[in-house]
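Enquirer: Handing you this structure, nothing more for now.
The values are calculated or read from the model by the stated rules, or taken from the named source; none is laboratory data. In this text the structure is predicted, and so the values were computed from the model without any measurement. Here the Cβ positions follow ideal geometry from the backbone for every residue, glycine too, while neighbour counts run over all protein chains shown. The protein model used for the area step is the full one, side chains on, heavy atoms only, and it has no ligands, DNA or RNA in it. Shrake-Rupley method; radii C 1.70, N 1.55, O 1.52, S 1.80 Å.
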Amino acid sequence: MSIFEPDEGALLVIPSLSLPQDELRSIPAARCYEERLLFLLLTLRRPRVSVVYVTSTPVDGAIVDYYLSFLDDPDEARTRLQMISLDDPDTHPLSEALLRRPDVIARLRAALAGPRDGDRGDGGDDRGGDGGGDGTRGDAGNAWMVPFVVSEYEERLAGILSLPIYGPATRLAHLGSKSGGRTLGEAAGVPMVRGFGDLRSPAEVERAVRAMSPATRLMVKLNNSYSGMGNAIVTTGDGPLHGLPTSFSAPGEDWTTFAEKIAERGAVVEEFIEDRPLRSPSALVRITPGGTFDVVATHEQVLGGPNDDVYQGCSFPARQEYRAELSAYAERIARVLTDRGVVGLFGVDFFAVRDGGGHRTLLCEINLRIGGTTHPFGAAILTTGAAYDPGTGLLVHEGRAKYYVATDNCSAPGLLGRTPGEVVKLIQDEGLGFDRERRTGNVLHLLGAVTCFGKLGFTSIGDSAEEAAELHRRTVSTLNRPA
């Protein structure tokens, strides 16, 4: 089973942000990140695949049209797509809200059961409260739930619908924590940043900070956080921990709030990597329900924020000088996770630190969920038809390699007030859209954030690293022009 290339069956996509909600609130347009998995609409190019995509609020029809435009027959593909909205903009996770909506759950059952005689899907957005289903989707016996992250809410929903989940069980969630990553790294024999894990109180964190002498700067990371938002950089010195100079990655954080989160979630303390520019490559790994595993991509992550540790985007592939080592270490970790019963996609983040005339890679953390590099990779392979070559670490289509640069966070004041359709047209009119013959160009995402937040993401695909980077630069310049 591959969510990128399913041969048949139904994908029930639940892009619920079942993550710490306090961190989500600091991300502009966080609710729009439910659109991150819309690249899965491109799996409809397979005639026996259907997709049911659920969101908190309706997805603009122009956005759905945009993704279907990548397919040979958008109208036919639309008959195998159902967009379902709870029409609920509140801040709780989508999956939690969905469990309180038996009417929507009934629609999901109908959608996954397949079409009734005379029924035909229209691919439009169906509000959760409007009653019966026009079910179009495939065989419920060959359906999978694809969540953004697996929490107790997704597991309860899967149990109600009798669906397998493409993701790790919650009983294994600790393996994806910062402390769990250190444990796995040790079990896999992978070098990692010097530090301590399984710290359950501010007092334990303080003792770990003292034990890390003579390091002058340290990173304290909450066990369960994402995109670097649960990190703090501490400058060591005399006095209590709360009195040491500290830079928090999340806005509005201080030692009072951070100490409460340490007690609630646990933390790790690690040596701060002083190398600049900081290189943070990542491997994207897949474990199938059958227990096979493989590295499907490597990336260079683009980091920003006050501490240069918040995910902003990525480029494919990782640098050649350490790409093979990166993949080998990720495979070791995947083998351990496979033995422990993990299924699905996950990211393994590293640091590439200077070592003589080259670099060596150190494990940073493991994210047992769909992450920031997943949707650029999915968009790239589903639009270009390229396949990953593990020997070279490249994406290749008919002998030609493909490269890309992606951002999650292109913000431009000139985008405010524009509609998704207007932005799509702008990109196409400027010659920056996707060229289906050359299989290069931009694939946009996060379009739902354009109008109110002036923000979107995109993946710039080229036949060389230089072409992808130049396309990305031109696109950023175009989007930043005054309206």
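Enquirer: Let's test the formula: R0 of 60 Å, r as the Cβ-Cβ distance of E437 and T216. What FRET efficiency results, to the nearest 0.05? It would help to have the intermediate numbers written out before the result.
Expert: On the way: r = 55 Å, r/R0 = 0.91.
The formula returns an efficiency of 0.65 here.
Enquirer: Based on the alpha carbons, how large is the Rg to Rh ratio for region 433-473 when Rh follows Kirkwood? Spell out each step's value before the answer.
Expert: On the way: Rg = 11.7 Å, Rh = 10.9 Å.
Ratio value, two decimals: 1.07.
Enquirer: So, one more: On a 0 to 90° scale, report how tilted helix 320-339 is relative to the longest principal axis of the chain, with both axes built from alpha carbons and the result rounded to the nearest 10.
Expert: Computed tilt is about 80 degrees.
Enquirer: Please report the base-10 log of the normalised intensity I(q)/I(0) for the chain, using a Debye sum with one equal scatterer per alpha carbon and no solvent, at each q in 0.10, 0.11, 0.13 (1/Å).
Expert: Per q value, in the given order, log10 I(q)/I(0) is -0.75, -0.91, -1.29.
Enquirer: Once phi is turned into θ = phi - 60°, what whole-Hz ³J(HN,Hα) does the Karplus curve with 6.51, -1.76 and 1.60 give for every residue of region 219-224, x standing for Gly and Pro?
Expert: 10, 9, 10, 5, 4, 10
Enquirer: What length, rounded to one decimal in nm, is gained on full extension from S477 through to E152, with 0.36 nm per residue of separation minus their alpha-carbon distance?
Expert: Going from the current span to full extension adds 112.7 nm.
Enquirer: Okay, next question. Please enumerate, by chain and number, the lysines with C-alpha under 20 Å from the C-alpha of K425, excluding those fewer than 8 residues away in the same chain.
Expert: Leaving aside lysines fewer than 8 places away in the same chain, those within reach of K425 are K455.
Enquirer: Per residue, what volume in Å³ does the Cα convex hull of region 333-483 take up?
Expert: Values: hull volume 23.8 nm³, N = 151.
Value for region 333-483: 157 Å³ per residue.
Enquirer: Working from Cα positions, state the angle (0 to 90°, nearest 10) between the long axis of helix 465-479 and the longest principal axis of the chain.
Expert: So the helix axis and the longest Cα principal axis differ by about 70 degrees.
Enquirer: Now, a different point. For region 202-311, go through all pairs of different Cα atoms, get the mean of 1/r, take its inverse, and jot down that Kirkwood value in Å. It would help to have the intermediate numbers written out before the result.
Expert: Numbers: mean 1/r = 0.0648 Å⁻¹.
About 15.4 Å for region 202-311.
Enquirer: Express the carbon and sulfur contribution to the solvent-accessible surface of region 344-438 as a percent, rounded to the nearest whole number, probe 1.4 angstrom. Write out the running numbers ahead of the final one.
Expert: Numbers: 1700 of 3710 Å².
Roughly 46 percent, rounded to a whole number.
Enquirer: All other residues with a Cβ under 12 Å from the Cβ of T43 taken together, and with Lys, Arg as +1 and Asp, Glu as -1, what is their net charge? Before the final figure, lay out each step's value.
Expert: Numbers: positive: R45, R46, R48, R80; negative: E5, D7, E8.
Value of the local net charge: +1.
Enquirer: While we're on this one: When ligands, DNA and RNA are left out and all protein chains stay put, how many square angstrom of accessible area per residue does the chain have with a 1.4 Å probe?
Expert: On the way: 18730 Å² over 483 residues.
Accessible area per residue, the chain: 39 Å².
Enquirer: Can you give the FRET efficiency for D103 and D355, using 1/(1 + (r/R0)^6), R0 = 60 Å, r = Cβ-Cβ distance, to the nearest 0.05?
Expert: On the way: r = 59 Å, r/R0 = 0.98.
My answer for the efficiency is 0.55.
Enquirer: Please give the FRET efficiency for R45 paired with E274, using the beta carbon to beta carbon distance and R0 = 41 Å, rounded to the nearest 0.05.
Expert: Rounded to the nearest 0.05, the efficiency is 0.30.
Enquirer: Okay, next question. Report, ordered by chain and residue number, the aspartates and glutamates lying within cross-link reach of K402, taken as a straight Cα distance under 17 Å and ignoring same-chain residues fewer than 8 apart.
Expert: Straight-line reach from K402, under 17 Å: E300, D389, D435, E437, D463, E466, E467, E470.
Enquirer: Just to be sure I understand the model, the point goes 7 Å from the Cα along the line to the Cβ. What's the resulting S162 to N307 distance in nm?
Expert: Placing both labels 7 Å along Cα→Cβ, they lie 4.7 nm apart.
Enquirer: Can you spot the lysines whose alpha carbon is less than 26 Å from K178's alpha carbon? Ignore those fewer than 8 places along the same chain.
Expert: K221, K261
Enquirer: Would you pull out the residues with amide H under 5 Å of V302's amide H, same chain only if 5 or more places away, H placed 1.01 Å from N?
Expert: Q312, G313, C314, S315
Enquirer: Separation between the A324 and D294 pseudo-spin-labels, each 7 Å from Cα along Cα→Cβ, expressed in nm?
Expert: 1.9 nm
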